[in-house]
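To start, the structure itself, in structure tokens.
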Amino acid sequence: MDNLTPEQRRKNMQHIRSKGTKAERLLIDELQQRGAKFSCYDKTVFGKPDLVFPEQKIVVFVDSDFWHCNPARFVRPKTNVEYWDKKIATNKERDHKVNQELRRQNWTIIRLWEYDVKHDLCGCVEKVLAKLDPKTAGYYE
């Protein structure tokens with residue numbers, strides 16, 4: 001049972017971003033400051049990754065702790081449990097299929113949790129930069 005009216009719930013859900021989240025902006029800004037060359041939200045790459053390094057076939061996803069079920073941070077809603085269990089399971093299955101297809105296409109996949117980006121930005125940036133070839137990545141130390 002939801003404690004909001006359908007209109008209130010709809011309005012609330014409309015304000016949830018699927019791209020351009022705070023964690024994504026933090027990562028994008030830091031990588032740009034370090035001179036990394038990439039594109040954001042490239043619809044031509046399967047799964048629409050948050051960041052794409054096309055020359056090196058590397059994609060980065062910043063996964064929401066709630067929507068992608070971070071095992072260390074996910075808090076299961078107490079209302080409408082059946083709906084949320086199905087929704088989260090569908091999201092996890094989609095992530096799995098996206099990973100499979102990108103690997104089949106020889107992409108390197110980096111998945112970062114929203115919490116980690118917000119609380120250990122340098123560590124997350126280093127994780128991304130460690131996968132890049134400095135000769136073709138276009139970034140400066």
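The values are calculated or read from the model by the stated rules, or taken from the named source; none is laboratory data. This structure is a prediction, so every number in the text was calculated from the model and none was measured. So basically every Cβ, Gly included, is an ideal-geometry build from the backbone, and we count neighbours across all protein chains shown.
Of note:
- N106 falls short on exactly one of the conditions (1) part of a helix (DSSP H, G or I); (2) out of contact with any strand residue (DSSP E or B) (no Cβ under 7 Å at 6 or more places or on another chain), and that condition is (1).
- For the stretch 50-94, the set of residues classified as in a loop (DSSP other than H, G, I, E, B), among the basic types (K, R) and over 24 Å from E126 (Cα atoms) consists of R76, K78, listed by residue number.
- Exclusive hit being acidic (D, E) and either at positive phi or loosely packed, with under 14 Cβ neighbours inside 10 Å (or both), set E114, E101: E101
- Flag for D42 being at pLDDT below 95 and within 17 Å of the chain's Cα centre (by Cα): yes
- Residue that is assigned to a loop (DSSP other than H, G, I, E, B) and either within 17 Å of A130 (Cα to Cα) or among the acidic types (D, E) (or both), where the choices are G47, G35: G35
- In the stretch 134-141, the condition of being closer than 21 Å to A36 by Cβ, modelled with pLDDT under 95, among the small types (G, A, S) and surrounded by fewer than 18 Cβ atoms within 10 Å (Cβ to Cβ) is met by at least one residue.
- Among the residues of the stretch 61-118, those that are of a type in the set (V, I, T) and touching a residue at least 40 places away in the same chain (Cβ under 8 Å) comprise V62, T79, V98, T108, I109, I110, V117.
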